[in-house]
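In what follows, a single structure is set out as structure tokens and then discussed.
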Amino acid sequence: MTIKQAMVLAAGLGTRMRPITDRIPKPLVKIGGKAMLDYGLDLLAAAGVEKAVVNVHHHADQMLAHLHSYKALEIVVSDETQALMNSGGGLAKGLKLLDRDPVFVMNADLFWIGETAGRPTNLARLADFFDAETMDMALLCVELDRTTGHNGKKDFSLAADGRLTRYSEGAPAPVVYAGAIVLKPGLFDDAPDDAFNLNIYFDRAIANGRLYGLILDGEWLTVGTPDAIDAADETIRRVARSEMT
């Protein structure tokens, strides 16, 4: 299945990235010479996405200028300059700007590199994995040893059939949520109009046995603080060297 639309969550304040984010929105912080946001947008374009909604709030003028210059996708802005909607509220608002077909959801400050050449991309695999009959959401997940900049927190346990449950100490197959989802917009038809956290829908899906995960191919990066930039840059250099050999 080719998914042609996406929602990118990019409106956060990036408080842990201060003082950098005092002058620039976190999604535009450059890692390996490229804005974090563009890693995600490029991954979406490579997967066949044609239209992406991106929400904006912090330094919205800079975000709007950058999005206007990005040409690989049709970009639609979901304006949160008056009030931040949190992850769930921002997603629910942005989905109203898309049609009812399945959609990718991406976090603007989480991305991956080093996918295996000649293999379907992570997003293409996630789209094929998603089954609306049995799943509310399909999440891209990553094993801890393929993360850079992560704090070590384990988010879920991944069962052999792909079903996800919240991780508890000592549980098998721990994984980290990698910041990409496939879902159908109708899942959020009952969402409130105010701010709420997306974890509410994760937990609801788990309770119904309808949250599933797929393991990421490549290296996953999160850059939460200024100190994490050097580690991310080094991972990008390392992966680039390995791809040249």
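Please treat every number below as a calculation from the coordinates, not as lab data. It should be emphasised that the depicted structure is a prediction, and the values quoted were computed from it without experimental measurement. Glycine also receives a Cβ, built like all others from the backbone with ideal geometry; neighbour counts cover every protein chain displayed.
Below is a table of values for the structure above.
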read-out: Rounded if a/c under 1.5, otherwise prolate or oblate - segment 72-131, Cα gyration tensor axes; value: prolate
read-out: Amide H within-cut-off set for Phe111, under 5 Å, with H built and near neighbours excluded; value: Leu221
read-out: ³J(HN,Hα), Karplus 6.51/-1.76/1.60, whole Hz, each residue of segment 212-223, x for Gly, Pro; value: 10, x, 10, 7, 5, 9, x, 10, 9, 10, 10, 10
read-out: Separation between Cα centres of segment 64-106 and segment 126-188, rounded to whole Å; value: 22 Å
read-out: Rounded to whole Hz, the Karplus (6.51, -1.76, 1.60) HN-Hα couplings of segment 147-155, x for glycine and proline; value: 10, 10, x, 7, 7, x, 5, 9, 8
read-out: Under-5 Å amide H pairs with Val76, H placed in peptide plane, nonlocal only; value: Ala52, Val53, Val54
read-out: Nitroxide proxy distance, nm - points 7 Å out along Cα→Cβ at Ile200 and Thr165; value: 2.5 nm
read-out: Qualifying lysines (Cα of each under 17 Å from Cα of Lys93; at least 8 residues distant if same chain); value: Lys51, Lys184
read-out: Proximal aspartates and glutamates to Lys153, defined as alpha-carbon separation beneath 14 angstrom and excluding residues fewer than eight positions away on the same chain; value: Glu143, Asp145, Glu169
read-out: Highest-MSF residue in the chain out of Ala138, Ala117, Ala231 [GNM, Cα springs under 10 Å]; value: Ala117
read-out: From phi via Karplus (6.51, -1.76, 1.60), per-residue ³J(HN,Hα) for segment 16-28 in Hz, x at Gly/Pro; value: 6, 8, 5, x, 4, 7, 5, 10, 8, x, 3, x, 9
read-out: Filtered GluC sites (Glu not before Pro), segment 118-196: DSSP coil and at most 11 other beta carbons within 10 Å; value: Glu133, Glu169
read-out: q = 0.08, 0.10, 0.14, 0.17 Å⁻¹: log10 I(q)/I(0) that the Debye formula gives for segment 5-244, counting C-alpha atoms only; value: -0.28, -0.44, -0.92, -1.42
read-out: Amide proton proximity set for Ala180, modelled H, under 5 Å, gap of 5+; value: Leu140
